[in-house]
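Asker: Let me give you the structure first, and then I'll get to my questions.
The values are calculated or read from the model by the stated rules, or taken from the named source; none is laboratory data. Since we're looking at a predicted model, the values are computed, not measured. Using ideal geometry, Cβ is built from the backbone for each residue, glycine included, and neighbour counts are taken over all protein chains shown. Areas reflect the complete protein model, heavy atoms only, side chains present, ligands, DNA and RNA absent. Shrake-Rupley method; radii C 1.70, N 1.55, O 1.52, S 1.80 Å.
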Amino acid sequence: MARKMLIDGELSQTNDGAETQFEYDLFVIGAGSGGVRAARFSANSGAKVGICELPYHPISSEVIGGVGGTCVIRGCVPKKILVYGAAFRGEIEDARNYGWELNENVDFNWKKLLQKKTDEINRLNGIYKRLLSNAGVKLFEGEGKIVGPHEVEITQLDGTKLCYSAKHILIATGSRAQRPRIPGQAMLAKARRTPGHLSGAKAAPVGARHLGALLITMFGCLGCRGRPRGGRELGITSDEALSLEELPKHAVVLGGGYIAVEFASIWRGLGATVDLIFRRELPLRGFDDEMRAVVARNLEGRGINLHPRTNIKELIKTEGGVKVITDHGEELVADVVLFATGRSPNSKRLNLEAVGVELDGTGAVKVDEYSKTNVPSIWAVGDVTNRMNLTPVALMEGTLFANTVFGGKPSKPDYSNIPYAVFSIPPLSVVGHSEEQAIEQANGDILVFTSSFNPMKNTISGRQEKSVMKLVVDAETDKVLGASMCGPDAPEIMQGIAIALKCGATKAQFDSTVGIHPSAAEEFVTMRSVTRRVAAGSKPKTNL
């Protein structure tokens, strides 16, 4: 008798003739953007799907998560809400020259904004749960791990364990903020603060004290597992920064990436003194150098103190706050020190090594171009793979996974011309190649078109802050290779530009497009004069 077994992700036949039966066609570990998308779309194709996610709270840990994932609960959405709130300070300043008579003292209520932010992520958490339910996906709350090529184990809130078999398993556990190792002097608390001490906790669907007790039952003392020591104890990550009970008067931000720049803008916009410390000459390593310089000028123009080529040497807890000592001997005393020094894939507690799933040196899950791991029945999407860590990319990967495995349409993610933004104030947005990338990859000369101008709004308000736009063009083919903008509404404008680049638009097609007047966006179709021509193999020459 022959029996069917799964080989390379498909049923095959063995000697006794029976088919292998699985309880689920797909089981997803992680209900963030990529996991929820993959689960829903797979279910819509007829698959029986289960998904598990850690219990919900705005601040994550190894044992706390929430349906909706980082973007919805402790990332893009709450951050953008705070950016909106912070931007009003500049708007109020600008309004005076537009005839608005305002009192000198305008009050700001941090706790009100924080509660509104928490209310919104609670609402979105519920929406994501309903999306799963409406698609027929079975949701389990607890910690999932893989115990075999076709088997997952879920530890529920009360400590009980459930095991299920699945034809396919998808890892979509995302990433978490990491803390640098910095020497420090601090009195260590007896236990780490449980979720009940965190701002907004009482608005969460699960009671904080009960959640803390259940997590201790499941995983042991929260204060005893991997507690940061010394200087690491004296700083916070972006998770905590989104739920601070009190708005800091003085914040020090360590890092030069988009998270560091965004939080520096938020806190400065809300009235705090902000010092931004980063190791490079300019923030936002990896972005176009010319645009990095524009962002740095804007940050300084908004009153943020920049400390380039600098690192934190030591943190010391004092009665007045946290003393920050840099490697240049500078001393700052802050209410809050934010570590914005990168994120790590959430793969440690999944038992992946035991089932043979390969990881890279950062802990990211290795996958092929279809998001399949080296174990044919196990797949991975989103930040846990450390490919391009953006929410819309995770959504794309989740969609194409469902198409490949259950939709009968094998599909590879296309990572070319993906637009993204830094929500500084004002924001930066880009699509395609930076000037540096274009020169490195080009076979011929590169044409660079730039426009720097004072937005019409600023001519009345008096704000001295220029918008800058840039197009990078292949001189031989006339194809637009990249676009950048730093200025108000840059992300909204760049989304449309991204469509043009995805369609392979040429500079001549940009030039033949009629602009909307008066608008900032029309500059992208009126940049007629070449700012510079860069010969193949040359180094970029920017007007910094």
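Asker: How do 22-33, 321-332 rank on mean C-beta neighbours within 10 Å, highest first?
Answerer: Final packing ranking: 22-33, 321-332.
Asker: Taking 0.36 nm per intervening residue step and subtracting the Cα-Cα distance, what contour gain separates Glu319 from Arg528 on full extension?
Answerer: This chain segment gains 69.3 nm when fully extended.
Asker: Ranked from highest to lowest mean number of other Cβ atoms within 10 Å per residue, what is the order of the peptides 160-171, 233-244?
Answerer: For the peptides 160-171, 233-244, the packing ranking is 233-244, 160-171.
Asker: Right, something else. Would you list the P(r) distribution for region 228-341, with all Cα-Cα distances sorted into 10 Å bins from 0 and each bin expressed as a whole %?
Answerer: Pairs per bin, as whole percents: 14, 50, 31, 5, 0.
Asker: At a Cα cut-off below 13 Å, give the aspartates and glutamates reachable from Lys112, other chains included and same-chain residues fewer than 8 away excluded.
Answerer: Glu120, Glu245, Glu246
Asker: Per residue, how much accessible area does region 17-77 show when a 1.4 Å probe rolls over the protein heavy atoms, in square angstrom?
Answerer: I get 27 Å² per residue for this part.
Asker: Set the Förster radius R0 to 45 Å, insert the Cβ-Cβ distance between Met456 and Glu62 as r into 1/(1 + (r/R0)^6), and round the FRET efficiency to 0.05.
Answerer: The value I calculate is 0.35.
Asker: Specify whether the C-alpha gyration tensor of the chain places it in the rounded, prolate or oblate class, a ≥ b ≥ c being the square roots of the eigenvalues: rounded for a/c under 1.5, otherwise prolate if a/b is larger than b/c and oblate if not.
Answerer: Oblate, because a/c is 1.5 or more while a/b does not exceed b/c.
Asker: Follow-up. Can you bin every Cα-Cα distance in region 419-534 into 5 Å intervals starting at zero and give me the percent of pairs per bin, rounded to whole numbers?
Answerer: For region 419-534, the binned pair fractions read 2, 12, 22, 25, 20, 11, 5, 2, 0, 0 percent.
Asker: Just to verify a number: what accessible area does Thr362 come out at with the full protein assembly present, 1.4 Å probe, Å² rounded to tens?
Answerer: Solvent-accessible area, nearest 10 Å²: 80 Å².
Asker: Using a Cα-Cα cut-off of under 25 Å, which lysines could be cross-linked to Lys313, ignoring same-chain neighbours fewer than 8 residues away?
Answerer: The qualifying lysines are Lys249, Lys323.
Asker: Too long at a 30 Å Cα-Cα cut-off: which of Lys48/Lys412; Lys79/Lys317; Lys348/Lys470; Lys129/Lys470?
Answerer: From the list (Lys48/Lys412; Lys79/Lys317; Lys348/Lys470; Lys129/Lys470), the Cα-Cα distance tops 30 Å for Lys348/Lys470; Lys129/Lys470.
Asker: While we're on this one: Expressed as a whole percentage, what fraction of the accessible surface of the chain belongs to carbon and sulfur atoms when a 1.4 Å probe is rolled over the protein heavy atoms?
Answerer: Carbon and sulfur: 50 percent of the exposed surface of the chain.
Asker: Still on this structure, please answer the following. So how do 75-82, 350-357, 249-256 stack up, highest first, on mean other-Cβ count within 10 Å?
Answerer: 249-256, 75-82, 350-357
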